[in-house]
Number of protein chains: 2
Amino acid sequence: MRDVSIIGIGQTPVGEHWDKPLRVLGVEAILAALCNAGVDRPEALYVGNFMSGQLLNQENIGALIADHAGLRGIEAYKIEAACGSGAAAFRTAYMAVASGLCDVVVACGVEKMTDFVVDETSGTPMAASATGALMAAADADYEAEHGLSFVALNALLMQRYLYEYGYQRQDFAGFSINAHRNAVNNPNAMFPKKITPESFARAKMICEPVSLLDSSGIGDGAAAAVLASSDWARAHGLRQVRVAASAVATDSVALHDRDELLFLHGAYLSARKAYAQAGVGPGDIDFFELHDAFTIMAALSLEADGFAERGQGVRLAMEDAISLSGRIPISTMGGLKARGHPVGATGMYQIVEATQQLWGEAGANQLTGCRLGMTQNIGGSGANVVTHILERVE
Amino acid sequence: MRDVSIIGIGQTPVGEHWDKPLRVLGVEAILAALCNAGVDRPEALYVGNFMSGQLLNQENIGALIADHAGLRGIEAYKIEAACGSGAAAFRTAYMAVASGLCDVVVACGVEKMTDFVVDETSGTPMAASATGALMAAADADYEAEHGLSFVALNALLMQRYLYEYGYQRQDFAGFSINAHRNAVNNPNAMFPKKITPESFARAKMICEPVSLLDSSGIGDGAAAAVLASSDWARAHGLRQVRVAASAVATDSVALHDRDELLFLHGAYLSARKAYAQAGVGPGDIDFFELHDAFTIMAALSLEADGFAERGQGVRLAMEDAISLSGRIPISTMGGLKARGHPVGATGMYQIVEATQQLWGEAGANQLTGCRLGMTQNIGGSGANVVTHILERVE
């Protein structure tokens, strides 16, 4: 199996891009990444996306975006793993290069959520709303059917966590404060605004105990990376970040089917595979771009991945061990919480941001001396977990 | 790069499975394939599916189906390339094994089209109809927006073909007659019923010149294959079919963006790549499971892939060169036309049926002495084309 490296990255700002259709967002990120790599004709494009079918009645976006990026003819298709789609596309791109089938490929995550198809006669939406579409990540027959939203599923988890381990809602404030603090220096972030413990305390409640400031904001955006075989990149004198590990694992989709409600078994398996492939452990990871769609997901991810004992994940936020100067920096460019969460694109934003850190291009948020960064992208309430470990190459 | 083989296959009948949810169809095909291979725990599952999000508000079906198949924890996600999704999932599975990342994986194509989510209060469908959902394979902004259906797009192509090359509608009858004749001996076919030139001539017109008997029928179904490294299969003494080539290529999604309306450039590129990888040409192919979603697609595929000159594809049907005893047998188990076209599953049905032929398990439709079979699965009107060449292993 060949070593694989990232040789170029690109991203659009996350936000409400009312003026840009899905394909344009994808094209912008892809062309930026190709330009960054100095490559003009990759052999394949793998597009991570969750809800273009539901919201825009547009599938087949692999071919569509390849064509509009000037790449008509190349291999291209879409990868879907709910909110884990972006990193699953990167995983697929990784396999294409690792196998030797391709030397240079592009992975792109793209989502357009602030627009949907409307019936022109009646004015009623013909497709699901973003909130409705998000429920397609859960079990349609056994969860969505009962009227649960995705916030509600996370509220169940957080409520149980508070009850089992004896915490207060306010103990989660540190996750949100850290994310917003880091977003201030990210020009692509949707919510680059500091928040305080007080604003967290009085944040509007969405679904007890999940408040607005426990929740990531959905948006539009695209992020892309060019991958090449490490040998090819070296032969062409290109800078690179090595993909030291790529792993996917799953869990049941429905929460009620799990053996343990408060342990993300899929994340545990995914991280364990990644650590084994890279030959490292959590203590070797310099920073962690985790899936903080909700503050409870951040806490549970830290526990499943070996950064904290069970019931102790939230302590890392309370002790500010997750800040840029902390023991395990997370969400270094704002995370899902404050960079924004364009669902199928998020996994690629994590990888692009980790590459920025490893290349020393993270601006005011630059970590000093980082060598290994981990990204973890989750689809559903921990049902699909894609983990990558990226390594700086001197 | 490692050699990859198919070591087990499974399929459900294609039809209207009102009693079986999507996940059950997928599980049935996967368990049949695992049982056929004698394997109980594959390392990954790649699910090809086109419209579960639109019709069932259910995405994340990689994890969902893995769990319900008793495979909770393994790598799993969904692949989408419109009606080419099934073979694109197989392509992804191929890369997972070829790379050395996995020894044994499963590819499954599944679609559930005769059911959709209905608002319980108003009784109105909350999601698209199958016909509406199919349009997500076309360009939503420039084709669907104008009210074109997928039949209409193919009618435009067929009308132009008749005009350019001077054929009559009836000249296409052979494609449909051949497919229905072969379906009679396929217990999994949806329309196992012979038709005649007369019934073709008087078939109900759907969109001039495309009649009901030019069109494949949509349905529910799932098909799956277990893939392993050829060395692993040999070491375990398993029978196998070698994947001699796996290729994907694309074209513009919108018909109006193409340089030539009557040449499937994506199919041409895809087949050319596949021929190069296998070191063969169209003359070496013993049978061809092509994408006869419409009779015009069969004719255009034969031309793009080198089995006929431009404007001559339909002659192969007129001369019955496509029958089981013909020069290039196609749709040997009924094809999309008569086996049925559960869109995201179709590509996997093609691969399963080609494997049946190469293993000598095609029953009354068995081709004698076949060694190389080609499958070609198309998403959109030729926008996404996935070609595989499978080889008998003695």
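Readers should treat all values here as calculations from the given coordinates under stated rules, not as data from a laboratory. Note that the structure is a prediction, hence the values are computed from the model and not measured. As a convention, Cβ positions derive from the backbone with ideal geometry for all residues, glycine included, and neighbour counts pool all protein chains shown.
Of note:
- With a 10 Å cut-off around each Cβ of A:244-250, the average count of Cβ atoms from other chains is 5.
- A simple spin-label model places pseudo-atoms 7 Å from Cα toward Cβ; at B:Cys35 and B:Thr114 they are separated by 2.2 nm.
- Three-way shape call for the protein assembly as shown based on the alpha-carbon gyration tensor, with the a/c threshold at 1.5: prolate
- Calculated from backbone phi, Karplus (6.51, -1.76, 1.60) coupling profile of region A:310-323 in Hz, x at Gly/Pro: 4, x, 10, x, 5, 5, 4, 6, 4, 8, 6, 6, 9, 6
- Most to least packed among B:278-287, A:95-104 [average Cβ atoms within 10 Å]: A:95-104, B:278-287
- Gyration tensor (alpha-carbon) shape descriptor, region B:274-393, a/c threshold 1.5: rounded
- Magnitude of the charge dipole for region A:1-98, about its Cα centre and with charges confined to Cβ atoms of Lys, Arg (+1) and Asp, Glu (-1), is about 120 debye.
- Likely footprinting exposure, A:Glu145, B:Glu361, fewest C-beta neighbours within 10 Å first: B:Glu361, A:Glu145
- Positive-pole candidate from A:Ala133, B:His291, A:Ala271, dipole of the protein assembly as shown, charges at beta carbon: A:Ala271
- Calculated P(r) tail over 17 Å for region A:1-134, as whole % of Cα pairs: 59 percent
- Extending 7 Å from Cα along the Cβ direction at B:Asp231 and again at B:Ala276 yields two label points whose distance is 2.6 nm.
- Unit charges at the beta carbon, dipole of region A:281-354: most positive-side option, A:Val343, A:Leu302, A:Met333: A:Val343
- Length added when fully stretched, A:Lys194-A:Gln312, from 0.36 nm per residue minus Cα-Cα: 40.0 nm
- Projected onto their three principal axes, the Cα atoms of region A:158-301 cover extents of 56, 40, 29 Å, largest first.
- Divide the volume of the convex hull around the Cα atoms of region A:272-314 by the residue count and you get 71 Å³ per residue.
- Neighbouring partner chain Cβ atoms per residue of A:252-261, average, 10 Å criterion: 3
- Chain A: C-alpha gyration tensor shape, a/c 1.5 cut-off, then a/b vs b/c: oblate
- Net +/- balance of residues flanking A:Phe175 in space, Cβ distance below 9 Å, scoring K and R +1, D and E -1: -1
- Other protein chain Cβ atoms within 10 Å, averaged over every residue that makes up A:137-144: 5
- Between the amide H of B:Gly73 and those of A:Thr250, A:Asp251, distances stay under 5 Å, these residues lying 5 or more places away or on another chain, with hydrogens modeled in the peptide plane.
- Percent antiparallel among DSSP beta bridges (both partners in chain B, rounded to 5): 70 percent
- Taking the fewest neighbouring Cβ atoms within 10 Å as the starting point, the ordered list for A:Val343, B:Val241 is B:Val241, A:Val343.
- All C-alpha pair distances within region A:92-224, sorted into 5 Å bins from zero, spread as 2, 8, 12, 14, 15, 16, 13, 10, 6, 3, 1 percent across the bins.
- The protein assembly as shown, helix-only ellipticity at 222 nm - DSSP H runs n ≥ 4, -39,500 (n - 2.57), divided by all residues, nearest 500: -9500 deg cm²/dmol
- The local environment of A:Ile74, defined by Cβ-Cβ distances under 13 Å, has a net charge of -3 under the rule Lys, Arg +1 and Asp, Glu -1.
- Residue order, fewest to most surrounding Cβ atoms within 10 angstrom, among B:Val106, A:Val352: A:Val352, B:Val106
- Estimated FRET transfer efficiency (A:Phe263, A:Arg327; beta-carbon r; R0 25 Å; 0.05): 0.70
- Residues of region A:41-65 with amide N under 15 Å of a point placed 7 Å along Cα→Cβ from A:Ser129: A:55
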